[in-house]
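What follows is calculated from the coordinates using simple rules that are stated; it is not laboratory data. Because the structure is a prediction, the values reported are computed rather than measured. All Cβ positions, glycine included, derive from the backbone under ideal geometry; neighbour counts span all protein chains shown.
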Amino acid sequence: MTRQIGTWVRWGLITVVTICLSSCATRPVMMPSRPSGHAAAWPQAIGPRHDITHMIIPGETLYRLSKMYDVSAQDILSRNGLKGPAGLKMGRTITIPHAAPLKEVIPVFPSRKWKYIIVHHSASDKDNAMSLFNTHLRRGFDGTGYDFIIDNGTKGTSAGHVDATPRWIAQKDGAHCKASDMNTKAIGICLVGNFSQERVPESQLSALVHLVNYLRQYYNIPEKNILGHSQVPGARTECPGKLFPWKEFERRLRNP
Ligand SMILES: [Zn+2]
């Protein structure tokens with residue numbers, strides 16, 4: 001599969017869309033020779049550039065880092081004394097020189113596999129892509145069970161930032177919802193937090209609306225197939241929590 005993905009990259013069939021500042025455009029910036037699917041406006045922070053530290057999460061690439069922070073791959077490598085991307089081991093903290101405010105970069109892959117989107121919560125107060133990866137490894141999964149994680153600002157993350165997991169990058173079946181065979185056909189999105197005990201923060205809800213709208217347009221997923229884990233027939237769980245604001249979420253999906 002890895003080799004197959006490498007081939008897709010070479011042939012430009014992986015579509016990586018950077019959602020541009022809403023002030024500069026309402027359609028995505030297209031990467032040269034990387035044809036895009038549909039667009040979604042994704043409001044971004046505007047601010048000065050700084051040197052920042054960044055921990056490499058599972059599945060993160062030099063290309064993704066370069067797009068997220070608008071810094072050349074070569075500048076990232078040289079600042080950290082690295083000869084190539086092999087030095088970017090997950091868990092390692094690096095410096096991103098002169099980084100722009102974090103930009104959301106959502107990779108999508110042409111596929112007929114994805115028919116549903118399932119929303120989860122982590123049922124934990126503090127987590128990030130690295131800790132969830134390790135937790136799921138300990139549970140016997142082959143890495144993070146979800147496809148996307150929406151951070152809540154704990155464990156060094158930026159609230160509302162979207163991480164794509166190695167499972168999504170490899171387009172593997174999920175490990176997030178066995179009920180109704182959803183692992184084979186549903187994109188799993190996990191919001192870090194416990195929404196049986198607290199409300200979903202605006203930063204995460206807004207990111208979820210933009211991510212779901214982007215994915216459902218790209219994969220042509222009908223609104224009725226956007227479900228919470230607990231709404232899947234056969235699932236016995238409260239996930240994504242009894243305080244999850246379904247009505248507001250659905251209203252904002254239609255009017256982002
Ligand atoms: Zn769940």
Separation of the residue 159 and residue 90 label points, Cα + 7 Å toward Cβ, nm: 2.7
Whole-Hz couplings from phi, Karplus 6.51/-1.76/1.60, listed for the range 77-92; x for Gly and Pro: 5, 5, 4, 9, x, 9, 8, x, x, 4, x, 8, 7, 5, x, 7
Can you compute 3J(HN,Hα) from phi for each residue in the range 130-137, using the Karplus curve 6.51 cos²θ - 1.76 cosθ + 1.60 with θ = phi - 60°, rounded to whole Hz and x for Gly and Pro? 6, 5, 5, 4, 5, 4, 6, 4
Just subtract the alpha-carbon distance of residue 231 and residue 170 from 0.36 nm times their residue separation and send over the number in nm, one decimal. 19.3 nm
Under the Karplus relation 6.51 cos²θ - 1.76 cosθ + 1.60, θ = phi - 60°, what is the ordered set of whole-Hz ³J(HN,Hα) values for the range 53-61, x standing for Gly and Pro? 9, 9, 8, 5, 9, x, x, 7, 10
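Given the pairs 67/103; 103/224; 224/247; 83/103; 115/247, which are separated by over 19 angstrom at their Cα positions? Walk me through the intermediate numbers first.
Working: 67/103 7 Å; 103/224 30 Å; 224/247 13 Å; 83/103 25 Å; 115/247 22 Å.
Beyond 19 Å: 103/224; 83/103; 115/247.
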Simple Cβ-charge dipole of the range 82-218, Lys/Arg +1 and Asp/Glu -1, about Cα centre, in debye nearest 20: 460
Segments 101-107, 188-194 sorted - mean Cβ within 10 Å per residue, highest first: 188-194, 101-107
Neighbour-limited loop hits for GluC sites (Glu not before Pro), the range 136-228 (at most 16 other Cβ within 10 Å; DSSP other than H, G, I, E, B): 198
Whose amide H sits under 5 Å from the amide H of residue 228, counting only residues 5 or more places off or on another chain, with H placed in the peptide plane? 119
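How compact is the range 111-254 by the rule of thumb for globular proteins, expressed as Cα Rg over 2.2 N^0.38 Å? Spell out each step's value before the answer.
On the way: Rg = 13.7 Å, N = 144, 2.2 N^0.38 = 14.5 Å.
Taking N as the residue count of the range 111-254, the ratio is 0.94.
Out of all DSSP beta bridges in the range 111-254, what portion is antiparallel? Express it as a percent rounded to 5.
Around 20 percent of the beta bridges assigned by DSSP in the range 111-254 are antiparallel ones.
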Placing each pseudo-label 7 Å from Cα in the direction of the beta carbon, residue 79 and residue 179 end up separated by a distance in nanometres of 4.5
Take peptides 150-158, 80-88 and line them up by average Cβ neighbours within 10 Å, highest first, as a rough protection proxy. 150-158, 80-88
I'd like to compare 228-234, 116-122: which one has the highest average count of other Cβ atoms within 10 Å, and what's the full order after that? 116-122, 228-234
In nm, give the distance between the simple-model label positions of residue 55 and residue 251, each being 7 Å from the Cα along the Cα-to-Cβ direction. 3.7
Gained length - residue 243 relative to residue 202, 0.36 nm times residue gap less alpha-carbon distance: 13.4 nm
